[in-house]
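Comments concern the structure below.
The values are calculated or read from the model by the stated rules, or taken from the named source; none is laboratory data. All values reported here derive from a predicted model rather than from experimental measurement. Please note: Cβ atoms are built from the backbone with ideal geometry, for glycine as well, and neighbour counts cover all protein chains shown.
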Amino acid sequence: MNPSVPHPALPSVLEGLRALEKDAPLVEAALQAYYRQGWDGWPAPVGIPIGIAQDLLTQHGYRLGPVAHSLMASMLAVYTAWRLTKGAYLFDPLVWEELRDTPVHKLPTALLERLPEQAPLLLFPEPLVVDAFQIDAAHVYFDYDPRPPAHLELRFLCWNRFEGGHQPINLILDLDGEDLEDCLKKTLERSPSLPGDPLAQQKRLDTGPMVRLYEALISAALYLCQAEPDLSQAPRTPPAAPLSPRGFKRVRTPDKPHLIATGWRWGAAIRAAREARTHPTGKGSGRSVTPHVRRAHWHLYWVGEGSRKDRSKARPEVRWVAATLVGRDYLEGELPATIRKVKEVQ
């Protein structure tokens, strides 16, 4: 996919935003006010609790079925946060190719709390195809389930391709396990509670396909949570909310998505490594210069005070290691510089 061409899911994403601004302006305005004031008693990673959006829809007289009500509340929560920065992260094709197959093992769930902004939009150069799903893009965000045992949820508002456009679908990962692998296992053991929910497909799918679907989405989110995720430009900072003479808070939001090329320098390194593996130079001391190939994986390490002696005083960080880069110098020093221009979307 050429990064200078607008992503196929962006028109659907922006149309969804415009539709909510038209259909639920009072609910969205109330959510914006709540968002700026903060939420007492809610964990920090949660931008806008979906339960608040559901309550506001009911208070303003929206009479929807349970599935439509839940989906509209999720979209309101996502869009109210995303519209402040409109970060859209377009992944390099080779990086995305390997991320889709990177397994998620026993990584701390806290790693996911380092997303660069609220509800970033992940844009995939090729759709994530698993059984009935063809996902071109996904917002990733947090919610909170206060029911015992109370826990955070990682949610994906996915844009699933179908004839004529895209359909928004919610995927939920309960973060109530010991690590991400345990969270995924527990989530897939539970059945969807809403009849007719698109997620009811989960009951008919084998565990294997659902694991691949979740792992690909989690890996894409984790990639942004690295200390150095390889972005073409910095994410936008949410605009401040100054007071007008009448005392009302007004926020100016960006008109267009902020397209950020993600992993393009890594992609250049992967291409260089694959080229070296395919066409070894044969130079050197007689040893093979063919890159050592190993499955892409997440490398967890501990930094800060206590990282050597007391793990409780250290903080975890994660680094993605691409398959074709292991055993070569492509990760050392400067990666090959690749400048990509991304076309603004009207």
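Computed quantities for the displayed model
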{"quantity": "Residue among Leu122, Leu90, Leu157 that alone is at pLDDT 95 or above, assigned to a strand (DSSP E or B) and either closer than 22 Å to Glu181 by Cβ or over 16 Å from the mean Cα position of the chain (by Cα) (or both)", "calculated": "Leu122"}
{"quantity": "Qualifying positions in the range 1-19 - touching a helix residue (DSSP H, G or I) at 6+ places or on another chain (Cβ under 8 Å), modelled with pLDDT of 90 or more and either of a type in the set (A, V, I, L, M) or not in a helix (DSSP H, G or I) (or both)", "calculated": "Leu17"}
{"quantity": "Among residues of the range 231-274, those that are charged (D, E, K, R), within 28 Å of Val13 (Cβ to Cβ), surrounded by 14 or more Cβ atoms within 10 Å (Cβ to Cβ) and modelled with pLDDT under 90, counted", "calculated": "1"}
{"quantity": "Cβ pairs under 6 Å, 6+ apart, first in the range 45-64 and touching a residue at least 24 places away in the same chain (Cβ under 8 Å), second buried (at least 20 other Cβ atoms within 10 Å of the Cβ) and of a type in the set (Phe, Trp, Tyr)", "calculated": "Pro45/Phe142; Val46/Phe142; Ile48/Tyr35"}
{"quantity": "Filter pass, Ala110 being farther than 23 Å from His258 by Cα, assigned to a helix (DSSP H, G or I) and touching a residue at least 40 places away in the same chain (Cβ under 8 Å)", "calculated": "yes"}
{"quantity": "Pairs with Cβ under 6 Å, 6+ apart, first in the range 28-43 and surrounded by fewer than 17 Cβ atoms within 10 Å (Cβ to Cβ), second of a type in the set (Ser, Thr, Tyr) and modelled with pLDDT of 75 or more", "calculated": "Pro43/Tyr144"}
{"quantity": "Residue count, the range 41-66 (criterion: under 14 Å from Arg155 (Cα atoms) and either among the aromatic types (Phe, Trp, Tyr) or part of a loop (DSSP other than H, G, I, E, B) (or both))", "calculated": "5"}
{"quantity": "The lone exception for Gly51 - which of (1) at pLDDT 95 or above; (2) closer than 28 Å to Glu21 by Cβ it fails", "calculated": "(1)"}
{"quantity": "Unique match (being buried (at least 16 other Cβ atoms within 10 Å of the Cβ) and at positive phi) among Ala138, Ala119", "calculated": "Ala119"}
{"quantity": "Residues satisfying the stated conditions in the range 170-185, i.e. within 26 Å of Pro127 (Cα to Cα) and either in a helix (DSSP H, G or I) or in contact (Cβ under 8 Å) with a residue 40 or more places away in the chain (or both)", "calculated": "Asn170, Leu171, Leu173, Leu175, Leu180, Glu181, Cys183, Leu184, Lys185"}
{"quantity": "Selection within the range 275-295 - at pLDDT below 55 and among the basic types (Lys, Arg)", "calculated": "Lys283, Arg287"}
{"quantity": "Test: residue in the range 67-80 that is closer than 24 Å to Ala227 by Cβ, of a type in the set (Val, Ile, Thr), modelled with pLDDT under 95 and not in a strand (DSSP E or B)", "calculated": "no"}
{"quantity": "Pair list, Cβ < 9 Å and 6+ apart or interchain, from the range 311-327 residues that are modelled with pLDDT of 70 or more and of a type in the set (Lys, Arg) to residues that are buried (at least 19 other Cβ atoms within 10 Å of the Cβ) and not in a loop (DSSP other than H, G, I, E, B)", "calculated": "Arg319/Trp298"}
{"quantity": "Of the criteria (1) surrounded by fewer than 20 Cβ atoms within 10 Å (Cβ to Cβ); (2) within 30 Å of Ala322 (Cα to Cα); (3) touching an Asp or Glu at 6+ places or on another chain (Cβ under 7 Å), which one Glu21 fails", "calculated": "(2)"}
